[in-house]
Amino acid sequence: MLEKFAKYFLDNQKITLVAITAISFFGILSYALLPKQYNPSIVAPAFEITVPVRGYSSADSSRLVVREIENRLAELEGIDDLYGYSGDEFASVMASFEVGTDAEKAKARLYDKLSSNYALRPYGIEAMNIRSIDPEDLPQVVFAVRYQGSALNQIEAGIYVRAIANLLKNEVKKIFGTSALDVV
């Protein structure tokens, strides 16, 4: 079968020349008309859901909060990845949608899913904070500063740690190439 096909084009050189010319012309035309970008913008909406869970240990917040949020969000259409983590008195879930999903529709579906299941939240959960993640603002380096002494109460320790964090921030600002710094 392939022999007949090759023989036809060898015998009809004019048709072969016209076919090669047409393919080359349309190839060059499509290359010239195709939009090109050095860094194309890709829409992949992502959101971070943080939940303060007072009195919960890391294991409890993972089991009772993070896993439940992940299970609810996994039901959403277009979810690409879910990543949850927890600590003492906090829980967080990062939900990313498939590339090309409309960001506003994704946000609306996420809010709707979380608010419709709000009555099923574990005891002690008062509020959830939902924040859009801009790919341009993702941290490259994260530092954690903790106070482990016993000489200060919780409020004094928080003030002390924040002062240390601000000193570190001011020193890191001096490093060439540093762009955005936040103390959280």
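The values are calculated or read from the model by the stated rules, or taken from the named source; none is laboratory data. The structure presented is a predicted model; accordingly, all values stated were derived computationally and were not measured. Every residue, glycine among them, receives a Cβ derived from its backbone with ideal geometry; neighbour counts consider all protein chains shown. Ligands, DNA and RNA are stripped out before the accessible areas are found, and what is left, the full protein with its side chains, is counted by its heavy atoms. Shrake-Rupley method; radii C 1.70, N 1.55, O 1.52, S 1.80 Å.
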Quiz item: Cα axis of helix 13-33 to longest principal axis of the chain: angle in degrees, 0 to 90, nearest 10?
Solution: 30 degrees
Quiz item: Which is the longest run of the chain containing none of the chymotrypsin sites (Phe, Trp or Tyr not before Pro) found in DSSP loop states (not H, G, I, E, B) with at most 16 other C-beta atoms within 10 Å?
Solution: 39-122
Exercise. Over region 35-184, give the accessible area per residue in Å² for a 1.4 Å probe, as an integer.
Key: 74 Å²
Practice problem: Please give the net charge around Met94, taking every other residue with its beta carbon less than 12 angstrom from that of Met94, where Lys and Arg add +1 and Asp and Glu add -1. | Solution: -3
Quiz item: Once you charge only the Cβ atoms, +1 for Lys and Arg and -1 for Asp and Glu, what is the size of the charge dipole of the chain about its Cα centre, to the nearest 20 debye?
Solution: 380 debye
Self-check item: Angle in degrees between helix 2-11 and the longest Cα principal axis of the chain, rounded to the nearest 10
Solution: 50 degrees
Quiz item: What aspartates and glutamates sit close enough to Lys173 to cross-link, taking a C-alpha to C-alpha distance under 12 Å and skipping anything fewer than 8 places away on the same chain?
Solution: Asp182
Exercise. Select from Pro45, Pro35, Pro122 the residue whose mean-square fluctuation is largest in a Gaussian network model of the chain (Cα-Cα springs shorter than 10 Å).
Key: Pro35
Quiz item: Counting other Cβ atoms within 10 Å of each Cβ, which GluC sites (Glu not before Pro) in region 50-80 have at most 12 and sit in a DSSP loop?
Solution: Glu75, Glu77
Exercise. Sort out for me the Cα centre separation of region 142-184 from region 62-89, rounded to whole Å.
Key: 29 Å
Exercise. Can you find, among Ala22, Leu73, Ser61, the residue farthest towards the positive end of the dipole of region 8-129? Put +1 on the C-beta of Lys and Arg, -1 on that of Asp and Glu.
Key: Ala22
Quiz item: Which one of Asn12, Asn166, Asn129 has the biggest mean-square fluctuation once the chain is modelled by GNM with Cα springs under 10 Å?
Solution: Asn12
Quiz item: For region 125-184, which GluC sites (Glu not before Pro) are in a loop by DSSP, counting at most 14 other Cβ atoms within 10 Å?
Solution: Glu126
Self-check item: Phi-based couplings in Hz for region 160-169 (Karplus 6.51, -1.76, 1.60; Gly and Pro marked x)
Solution: 5, 5, 5, 4, 5, 4, 5, 4, 4, 4
Quiz item: Counting Lys and Arg as +1 and Asp and Glu as -1, what is the net charge of the other residues whose Cβ lies under 12 Å from the Cβ of Ala106?
Solution: -2
Exercise. With an 8 Å cut-off on Cα pairs and a minimum separation of 6 or more residues, tell me the relative contact order of the chain in percent.
Key: 21 percent
Quiz prompt | Solvent accessible area, Å² - Arg67, 1.4 Å probe, full protein context | solution = 130 Å²
Quiz item: Net charge near Asn117, counting Lys/Arg +1 and Asp/Glu -1 over other residues with Cβ under 9 Å of its Cβ?
Solution: +2
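If you roll a 1.4 Å probe over region 29-175 with all protein chains in place, what percent of the accessible area is carbon or sulfur?
Numbers: 5790 of 10750 Å².
Here it works out to 54 percent.
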Quiz item: Taking amide hydrogens as modeled 1.01 Å from N in the peptide plane, which residues meet the under 5 Å criterion relative to Tyr56, leaving out close sequence neighbours?
Solution: Glu89
Self-check item: Compactness of the chain - radius of gyration and Dmax, Cα, Å
Solution: 27.8, 96
Self-check item: lysines with Cα under 24 Å of Lys4, excluding same-chain neighbours fewer than 8 positions away
Solution: Lys14
